[in-house]
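The values are calculated or read from the model by the stated rules, or taken from the named source; none is laboratory data. No experiment lies behind these values; they were computed from the predicted model shown. Glycine also receives a Cβ, built like all others from the backbone with ideal geometry; neighbour counts cover every protein chain displayed.
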Amino acid sequence: MNTKHSEKTNTLSLPSTPYYLLDEAAIVANMQTIARLCELSGAKALLALKCFATWGVFDVMQPYLHGTTSSSLNEVRLGYETFGNNSADSNDEDKKETHAYSVAYSADEIDEVLSYADKIIFNSISQLHAFKDKARAQNIPVGLRLNPKTSNSSFIIADPARPFSRLGEYDKDKIKAVLGDITGVMIHNNCENDSFEAFSASLADIEDRFGDVLAQLEWVSLGGGIHFIAPDYPLEKLADRLKGFSEKYGVQVYLEPGEASIHGAGTLVTTVLDTMHNDKNLAVVDASIEAHMLDLLIYRESAPITSVNAESVEVMPVDQAQQDAADNTIIYGRSCLAGDIFGEYALAHELQVGDTVAFGNAAGYTMVKKNWFNGVNMPAIVIRRLDGSIDVQREFDYQDYKASLS
Ligand SMILES: Cc1ncc(COP(=O)(O)O)c(C=O)c1O
């Protein structure tokens, strides 16, 4: 037995930092919001594994969601194997759906992809032509990704409607010509969009553009990126809008929440290794944004601090205007990247070597992207279960680093 996996422990025997700490109660709170949205609207919700694939907490997510969706062979397999109730004897009610999508499948993986998939969505008409017969021979419903050429994304790097985008088909004549080959479509054009009005307007635009196509389908996935778990989000309005859409076109609506599933449910817990001063207070912690919270680097954002020395503090990074303050503290990662910065903060007390600092929003698009840059210690995965107990789900060591290369 591999002793690095799943050791039951208590709060007094947390592993040494760094570690990701997932809170099942926070995940379930998000799940309940998703389940309510589904109940009110008739939509089905699939966890987007590209955002979060830490399967050690799937048992508490699985009762609320209808399945998983994927971006690759590995993800579709993980969804099939870990998201429950895929065995032949589970009844239809319980069975979770496993959707397959990829920007591009290769010919040598498609058979295996289909062996796990309940639906497959191709990104382009050429991929559809290449692989649809294999899917249909196994009675697997086939879909196509559409690109409405409009989006709600404030980052060009994450904008599926960016100029010259490869993400989906937009030419209606070409799409109409393959309608006989598909039963559904997927459209993903939101990114952390917390405005119902913006979502609704964008859906209206999709309806204007593709309404006659939608009316001939059985299902439409509207992707992820709708930030409906925000505390003041008008969930009922969203549910009404989705229900109306579903009834108007006679389609089953799917949603693919990634971030909304785990927002606020994960922290990265670190220890201050060194402090310095260079016009401002500097602290270096035992983790790295490049290796452990890569999106901070990609999107040039800062991490919120949720606790210092186990006390809940909820410190947000200072904004541009406050960056002049000489007593601010910049918290750096320990990699050699000069700009490995968690953020700049106005703290009540100067950090000391040995202090514990926990950064928030560390579940989505973090754990799925972690890497061994600089050989920095890989954060363990720790789970606070619903009953309050703590599981050290996985620890990593030198052999894992070594095995990641050869
Ligand atoms: C096709 C698709 N579905 C779902 C998602 C999940 O989005 P989010 O995590 O913003 O909800 C993404 C994110 O990129 C995506 O590309």
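Values for this structure:
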| read-out | value |
| --- | --- |
| G343 among the small types (G, A, S) and buried (at least 16 other Cβ atoms within 10 Å of the Cβ) | yes |
| Residue that is nearest to V220 (Cα to Cα) [pool: residues in region 245-262 that are near the ligand (Cβ under 10 Å from one of its atoms), assigned to a helix (DSSP H, G or I) and hydrophobic (A, V, I, L, M, F, W, C)] | A260 |
| Residues of region 208-236 classified as of a type in the set (A, V, I, L, M) and within 16 Å of the ligand (Cβ to nearest atom), total | 6 |
| Top-ranked residue in region 263-301 [being within 18 Å of the chain's Cα centre (by Cα) and either of a type in the set (S, T, Y) or assigned to a strand (DSSP E or B) (or both); ranked as surrounded by the most Cβ atoms within 10 Å (Cβ to Cβ)] | L268 |
| Pairs, first of a type in the set (S, T, N, Q) in region 42-59, second within 16 Å of the ligand (Cβ to nearest atom), C-beta under 6 Å, six or more apart | T54/M367 |
| Hits in region 49-85 (condition: out of contact with any strand residue (DSSP E or B) (no Cβ under 7 Å at 6 or more places or on another chain) and within 19 Å of Y101 (Cα to Cα)) | K50, C51, F52, A53, L73, N74, E75, R77, L78, E81, T82 |
| Tally of residues being touching a residue at least 40 places away in the same chain (Cβ under 8 Å), outside any loop (DSSP other than H, G, I, E, B) and not basic (K, R) across region 141-157 | 6 |
| Selection count, region 351-379, where residues are within 19 Å of the chain's Cα centre (by Cα) and more than 16 Å from the ligand (Cβ to nearest atom) | 5 |
| Any pair with Cβ under 6 angstrom, 6 or more apart, that starts in region 167-190 at a residue that is not assigned by TED's automatic domain parsing to the domain that holds L203 and within 16 Å of the ligand (Cβ to nearest atom) and ends at one that is modelled with pLDDT of 95 or more and aliphatic (A, V, I, L, M) | none |
| Index of the failed condition, S151 passing every other in (1) within 19 Å of the chain's Cα centre (by Cα); (2) surrounded by fewer than 20 Cβ atoms within 10 Å (Cβ to Cβ); (3) more than 26 Å from L73 (Cβ to Cβ) | (2) |
| Residues satisfying the stated conditions in region 168-182, i.e. surrounded by fewer than 19 Cβ atoms within 10 Å (Cβ to Cβ) and either in a loop (DSSP other than H, G, I, E, B) or acidic (D, E) (or both) | Y170, D171, D173, V178, D181 |
| Hey, L242 at negative phi, within 16 Å of the ligand (Cβ to nearest atom), in contact (Cβ under 8 Å) with a residue 60 or more places away in the chain and more than 20 Å from the chain's Cα centre (by Cα) or not | yes |
| Among (1) at negative phi; (2) surrounded by fewer than 19 Cβ atoms within 10 Å (Cβ to Cβ), the one test that A310 misses | (1) |
| Long-range neighbours under 8 Å by Cβ, at least six apart or interchain, first residue among the aromatic types (F, W, Y) within region 390-406, second outside any helix (DSSP H, G or I) and at pLDDT 95 or above | F396/N377; F396/M378; F396/P379; F396/A380; Y401/W372; Y401/M378 |
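Per-residue answers, yes or no, for (1) under 23 Å from E350 (Cβ atoms); (2) among the β-branched types (V, I, T):
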| residue | (1), (2) |
| --- | --- |
| R241 | no, no |
| Y249 | no, no |
| V253 | no, yes |
| E259 | no, no |
| A283 | yes, no |
| Y299 | no, no |
